[in-house]
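Quick notes on the structure that follows.
The values are calculated or read from the model by the stated rules, or taken from the named source; none is laboratory data. Nothing here was measured: the structure is a model prediction, and the numbers come from that model. Every residue, glycine among them, receives a Cβ derived from its backbone with ideal geometry; neighbour counts consider all protein chains shown.
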Amino acid sequence: MSQFIAKESATPPDEPMRSVHTNNFPEILRQLNISLVVSTYQTGKVKVIPCLARLN
């Protein structure tokens, strides 16, 4: 049986995730009708960047 040793992360678990994107990235998600899920193994966080389709 293997053992896993948790390493201290540089970011505390209670600190919010931050991101930067290009101006056209939200439009690309809308055109493709997809969302993006980002996870961080070290801090155990998951962030969902939704496709916010325009309703006409």
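Annotation note: of 54, 30, 18, the sole residue that is basic (Lys, Arg) and modelled with pLDDT of 85 or more is 30. Name, by its number, the condition in (1) surrounded by fewer than 11 Cβ atoms within 10 Å (Cβ to Cβ); (2) over 10 Å from the mean Cα position of the chain (by Cα); (3) at pLDDT 80 or above that does not hold for residue 12. Going through the list (1) surrounded by fewer than 11 Cβ atoms within 10 Å (Cβ to Cβ); (2) over 10 Å from the mean Cα position of the chain (by Cα); (3) at pLDDT 80 or above, residue 12 breaks only (3). A count restricted to the range 29-39 and to residues that are more than 12 Å from residue 52 (Cβ to Cβ) and touching a Ser or Thr at 6+ places or on another chain (Cβ under 9 Å) stands at 1.
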